[in-house]
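The values are calculated or read from the model by the stated rules, or taken from the named source; none is laboratory data. Keep in mind that what you see is a predicted model, and the values were worked out from it rather than measured. Quick reminder, even Gly has a Cβ in these numbers, built from the backbone with ideal geometry, and neighbours come from all protein chains shown. Accessible surface is based on the protein model in full, side chains and every heavy atom, while ligands, DNA and RNA are left aside. Shrake-Rupley method; radii C 1.70, N 1.55, O 1.52, S 1.80 Å.
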Amino acid sequence: MSRLTELVGTAAQPFRFVVEEGKVAEFARAVQATDPLFRDAAAAADAGLSGVLAPPTFSTASAHWAGPESSPALGLDLKRVLAGGGEWEYLAPVVAGDELEAVTSVESVVEKQGSRGPMAVIRVRTDFSRDGEVVQRYTSNIIQFGAVDEVGA
């Protein structure tokens, strides 16, 4: 068993952040989100929202508020790492004024032999919760090429 396999089921320290209207507007401009719900509080209110709607993937910006303790201690060699894709689940709208808590955990580790040698695929999930209810979930795969250190080796 590798040291990575032992991390399955563990969670990093949660962190909290407030969804700020100005940051939502900046993000909407950056991703060219033109729907008035992303910029206009009156349009959002008319749609039954309590604040301007955060564009999809806005919560990725939360990484700027997270400290190193909020990421699992994978100990990867970044020279051998490749992003293996990610998936978003949108369970409820996120709007300006929301206070979210993000918790990242290691879902699985699969070690296998690829065409270029040994590799590990680490599946990591971040749950974004508001008042204890998960409103968004981001699951990503991290691929490390080369042998993973064995536990106790």
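Of the residues in the range 10-32, not one is farther than 24 Å from ASP127 by Cβ, in contact with a helix residue (DSSP H, G or I) (Cβ under 7 Å, 6 or more places away or on another chain) and open to solvent by less than 40 Å² (accessible area, probe 1.4 Å). Whether any residue in the range 68-76 is modelled with pLDDT of 95 or more, open to solvent by 60 Å² or more (accessible area, probe 1.4 Å) and either closer than 29 Å to VAL121 by Cβ or among the acidic types (Asp, Glu) (or both) is what I want to check. No, that holds for no residue. Every condition in (1) modelled with pLDDT of 90 or more; (2) open to solvent by 70 Å² or more (accessible area, probe 1.4 Å) is met by TRP88 except one, and the failing one is (2).
Would you confirm whether any residue within the range 108-125 is closer than 20 Å to GLU26 by Cβ and surrounded by 14 or more Cβ atoms within 10 Å (Cβ to Cβ)?
As a first pass, look at the range 108-125 and keep what is closer than 20 Å to GLU26 by Cβ: none.
Scanning the range 108-125, I find no residue that is closer than 20 Å to GLU26 by Cβ and surrounded by 14 or more Cβ atoms within 10 Å (Cβ to Cβ), so the answer is no.
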